[in-house]
Amino acid sequence: MLEVRNLKCSYGAREVLKGIDFYVDKGDVIAILGSSGSGKTTLLRSISFLKEADGGTIRFDDFEKDIRHIKKSEIRALRMKIGYVFQNFNLFRNMTVKQNVLEGLVTARHMDRHEAEKIADEFLEKVDMQDRADYYPDQLSGGQQQRVAIARSIAFRPEVLLFDEPTSALDPELTREVLKIMIRLAKEGTTMVVVTHEMDFARNVADRVIFMENGVVVEEASSKEFFTDPKEEATKRFLRTVINDYDYTI
């Protein structure tokens, strides 16, 4: 479905991604783990063209091209297939909840406004936010804002949904609200790539786990194998720092 090969990306002289190979198949839920600065967010931003990569190949279904030579029209077409949920919501503060969901449907998809309103209502209900449709973002909790951001992304009906640490700005109670929606989407077969620090989500919901460090993929495995039988010393070291009862010795 979606694959990148030998993906490289830098910020100035600092190489952040050092030749990443990554793929996601339809219906997969993939958790990407790693310490801050490991390149997780840059990977998501590169494959969604929010950050220009330095090199690599991207394939989406039958489309395949060197990422350095991709045209703007091709980027627009690929973005229509990819939904992105940001860490800090990125809602329009001067728009209501419903307007935030409507805006992309009407302006980017050129959808009839009446049809777009029906879709907005449908997806706000899906994330349990239909009763806040006329509220503004500043009237919502962080968890509610993130649920609106998810509704906005899935209203496009993307083929793959990218989450960039969607709960890291939330307290534990609000985190549970958002994870509940994400688990529901996973059970419905939504293709998801999730950069996260939520180990329970990675262990119990994800099909595969990818662990990154210093701009490379250190280890990739099924969620069960990753947490019960990691192969790399760096993986074991990471798990010991994030899971209190992790009992592997190094």
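The values are calculated or read from the model by the stated rules, or taken from the named source; none is laboratory data. Keep in mind the model is a prediction, meaning the values are calculated, not measured. Backbone-built Cβ (ideal geometry, glycine too); neighbour counts: all protein chains shown. All accessible areas refer to the heavy atoms of the entire protein, side chains included, with ligands and DNA or RNA removed. Shrake-Rupley method; radii C 1.70, N 1.55, O 1.52, S 1.80 Å.
The figures follow:
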{"read-out": "Radius 9 Å from Cβ of V24, net charge of other residues (Lys, Arg +1; Asp, Glu -1)", "value": "-1"}
{"read-out": "Calculated from backbone phi, Karplus (6.51, -1.76, 1.60) coupling profile of region 53-62 in Hz, x at Gly/Pro", "value": "7, 8, x, x, 10, 10, 10, 9, 6, 8"}
{"read-out": "Extension reserve of the E233-Y11 stretch, reckoned as 0.36 nm per residue once the Cα distance is removed", "value": "77.1 nm"}
{"read-out": "Two-site label geometry, K71 and E122: point separation in nm, points 7 Å out along Cα→Cβ", "value": "3.1"}
{"read-out": "Percent carbon-and-sulfur accessible area, region 1-98, ignoring ligands, DNA and RNA, probe 1.4 Å", "value": "45"}
{"read-out": "Loop trypsin sites (Lys or Arg not before Pro), region 1-64, which have at most 14 other Cβ atoms in a 10 Å radius of their Cβ (DSSP)", "value": "K26"}
{"read-out": "Accessible area, probe 1.4 Å, largest first, for residues D164, D61", "value": "D61, D164"}
{"read-out": "Charge tally in the Cβ shell below 13 Å around E233, where Lys, Arg are +1 and Asp, Glu are -1, E233 excluded", "value": "+1"}
{"read-out": "Most positive-pole-ward Cα, G83, A151, V193, against dipole of the chain from beta carbon charges", "value": "G83"}
{"read-out": "Degrees, to the nearest 10: 142-154 long Cα axis against longest axis of the chain", "value": "80"}
{"read-out": "Residue-normalised accessible area of region 1-160, expressed per residue, 1.4 Å probe, Å²", "value": "48"}
{"read-out": "Cross-link table K81/K187; K8/K224; K8/K236, entries beyond 23 Å C-alpha to C-alpha", "value": "K8/K224; K8/K236"}
{"read-out": "Part-to-part distance (alpha-carbon centres) for region 140-207 and region 29-107, which is given in Å", "value": "15"}
{"read-out": "Mean Cα-pair separation over length for region 105-250, i.e. relative contact order, pairs under 8 Å, 6 or more apart, %", "value": "14"}
{"read-out": "Solvent exposure ordering (accessible area, 1.4 Å, most first) of R79, R68", "value": "R68, R79"}
{"read-out": "Helix-derived mean residue ellipticity, 222 nm - over the chain, DSSP H n ≥ 4, -39500 (n - 2.57), to 500", "value": "-11000 deg cm²/dmol"}
{"read-out": "Simple spin-label estimate for Q99 and R176 in nanometres, 7 Å along Cα-Cβ", "value": "3.4"}
{"read-out": "For F63, solvent-accessible area (1.4 Å; no DNA, RNA or ligand), Å²", "value": "60"}
{"read-out": "Loop sites in region 109-189: GluC sites (Glu not before Pro), DSSP, at most 11 other Cβ within 10 Å", "value": "E188"}
{"read-out": "Scaled radius of gyration (Cα, divided by 2.2 N^0.38 Å) that the chain gives", "value": "1.02"}
{"read-out": "Listed residues H114, H197 arranged by accessible area, highest first, probe 1.4 Å", "value": "H114, H197"}
{"read-out": "D131/R240 FRET efficiency (R0 51 Å; Cβ-Cβ; nearest 0.05)", "value": "0.75"}
